[in-house]
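Nothing in this text is a laboratory measurement; each read-out follows from the coordinates by a stated rule. Small disclaimer: the values here were computed from a predicted structure and weren't measured. When we count neighbours, we look across all protein chains shown, and the Cβ atoms used for this are built from the backbone with ideal geometry, even at glycine.
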Amino acid sequence: MTQQWQNWARTERVTPRQVRTPRTTSELSTIVTEAARDGLRVRAIGSGHSFTGVAVAPDVQVRPDAMDGLIAVDRATGLVTVQAGIPLHRLNPLLAEHGLAMEVLGDIDRQTIAGAISTGTHGSGERFGSISTQVRALELVTADGSVLTCSATENPELFTAARVSLGTLGIIATVTLQCVPLYALHAVDEPRPIDDVLDEIDDLVAANDHYEFFWFPHTETALTRRYTRLPGDVELRPWNRVSRFVDDRLVTNIGFEALLRVGTRRPSLIPGITRFVTKAVGSRDIVDLAPNVYASARNVRFRESEYAVPRAHLVEALRELKSWLDKHGEPVSFPFEVRFSRADDIWLSPAHDRDVAYVAFHQYHRLPHQRWFGICEQVLGEAGGRPHWGKLHSLGAEELRQRYPRFDDFVRLRDALDPAGRFGNDHLDRVLGPAPASR
Ligand SMILES: Cc1cc2nc3c(=O)[nH]c(=O)nc-3n(C[C@H](O)[C@H](O)[C@H](O)COP(=O)(O)OP(=O)(O)OC[C@H]3O[C@@H](n4cnc5c(N)ncnc54)[C@H](O)[C@@H]3O)c2cc1C
């Protein structure tokens, strides 16, 4: 009997027919071959931090736990090869031991490296791409059990597609990353009027290595966050444990959860709660090693969606959402999070061929999110937005095809590699269309 699996957000649940925990590429290959023989679908999962059904594995669920080794490190070039199931919070200290670090990270470190790249996980900074852009080679077990490697020079088309591929081209066994020398970040968090931030946004983004802001609906204040990159041997001034505890656990997590429970019973209190929380979250001015700065704890469960819009359309779209909220008073309990990324060439990357602003919108998990998310999807969609593959959205293959110029190339490659839909599930049928065998 297998146990029920659920994702972090508790939006997806499944009891797989089989759970497998391979240790090597060759064991992975055997699992895929056996699944093909038995007519079962097979999917690898990461840490279950996607909000959508992208990781759901109803038949054979391949768990990452035992594929978490460091395979090779070249300090001189910064190239590092790891097994695909290693979580980022274990990878970061291993890299630091070798004087290396990931070029940029998102705001948590719970994901596995394969899970993170498969949906295009990103951080913020107009000179930086998503984690997928840091990949230099992949080893995949494809639907017939064979092992394929790809890089810019070996199977280059597969490489361009596989770096954001939702687990549909094969199960990733190893990942080679281009790392950088270990660095520190000078992090300054401070509140600013949202109108000022929107007026100055291009200058703010250009003037900082990493710039992002959180804006709580029902308030006029943005909590801005800017990071400057510094050498790894700079004198550190980390957040002391008490401050981190007070902010991470009491103010932004435990205290926030308590207030949101009250707000769930009386939604009319939500605007007051978000104004209070905006004031309560403190400023911060620290210098610490990069992995300690990027990642924060997320203990309050929420629902999230996120669209990548062309940079030029950000301000107008946010102002439109602000005026909709002012007019309708929808009780939205979580902030927008706005981040920036440079264009890349990956076929299913939301930043494919254009510099983007990522606009994430959230709602506490006990409050209804459908109406609010629907409005955001409409406004950000009209602004040319593409949804994050790991976050909630309502689009299907026909709509996504309009937004991704290389969508059909991706589906053609998937159909050639996996005509039987061995790596499929219902969610993937919706967003990419069914595999040839089920058409
Ligand atoms: C609290 C929270 C904070 C987040 N912060 C950010 C953020 O800052 N930036 C951002 O962009 N996103 C963020 N996300 C989204 C998250 O990074 C992505 O959804 C990511 O894909 C989750 O990784 P995972 O390891 O949990 O993978 P899962 O969600 O388990 O799986 C994701 C996909 O990867 C595939 N996959 C996993 N392993 C393999 C493998 N070995 N081979 C092939 N396919 C594989 C799965 O099949 C699935 O399609 C956040 C999510 C949460 C819940």
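Numerical summary
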read-out	value
Distance (nanometres) between label positions extended 7 Å along Cα→Cβ at Val188 and Arg37	6.3
Label-point gap, in nm, between Gln18 and Leu79 - each point 7 angstrom along Cα→Cβ	3.5
Peptide ranges 68-79, 30-41, 102-113 listed from the most packed, as the mean C-beta count within 10 angstrom indicates	102-113, 30-41, 68-79
Dipole of the stretch 70-181 [Lys/Arg +1, Asp/Glu -1 at C-beta], most positive-end residue of Thr119, Gly167, Ser146	Thr119
Cα gyration tensor, the stretch 396-439 - rounded (a/c under 1.5), prolate or oblate	oblate
Test item: Cα-centred dipole of the chain, Lys/Arg +1 and Asp/Glu -1 on Cβ, debye	1480
Between 0 and 90°, nearest 10: helix 314-328 axis offset from the chain longest Cα axis	60
Proxy reagent accessibility, fewest Cβ within 10 Å first, across Val332, Val234	Val234, Val332
Crossing angle, helix 270-280 versus the chain [Cα axis fit, 0-90 degrees, rounded to tens]	80
Residues whose placed amide H lies under 5 Å from that of Arg237, excluding near-sequence neighbours	Val287, Asp288
Value at 222 nm in deg cm²/dmol, rounded to 500, when DSSP H runs of n ≥ 4 in the chain each add -39,500 (n - 2.57)	-8500 deg cm²/dmol
Charge dipole (debye, nearest 20) of the stretch 70-181; +1 at Cβ of Lys and Arg, -1 at Cβ of Asp and Glu	140
Farthest positive-ward along the chain dipole, Cα basis, beta-carbon charges - from Leu325, Val338, Met102	Leu325
Cα pair distances of the chain binned at 10 Å [whole percent]	4, 21, 32, 27, 13, 2, 0
In Hz, Karplus ³J(HN,Hα) per residue of the stretch 184-194 (6.51, -1.76, 1.60; θ = phi - 60°; x = Gly, Pro)	10, 10, 8, 10, 10, 10, 7, x, 9, x, 4
³J(HN,Hα) computed for each position of the stretch 204-210 - Karplus, 6.51 cos²θ - 1.76 cosθ + 1.60, integer Hz, glycine/proline x	5, 5, 6, 7, 10, 4, 9
Whole-Hz couplings from phi, Karplus 6.51/-1.76/1.60, listed for the stretch 395-409; x for Gly and Pro	7, x, 4, 4, 6, 5, 4, 5, 9, 10, x, 9, 4, 5, 5
Degrees separating the helix 256-265 axis from the principal Cα axis of the chain, which is the longest one	80
Where labels lie 7 Å past Cα in the beta-carbon direction, separation of Ser26 and Ala96 in nm	3.6
For Val19, residues with placed amide H under 5 Å, excluding near neighbours	Gln61
Residue order, fewest to most beta carbons within 10 Å, for Thr160, Thr274	Thr160, Thr274
Stretchable slack from Ala297 to Arg284, in nm (0.36 nm times residue separation minus alpha-carbon distance)	3.1 nm
Interchain or long-range residues, amide H under 5 Å from Arg136's placed H	Thr176, Leu177, Gln178
Arg127/Ala72 FRET efficiency (R0 35 Å; Cβ-Cβ; nearest 0.05)	0.80
Net length gained if the chain between Met1 and His89 were fully extended (0.36 nm per residue, minus Cα distance)	28.6 nm
Gain on full stretching of the segment that runs from Gln178 to Asp326 - 0.36 nm per residue minus C-alpha separation	48.8 nm
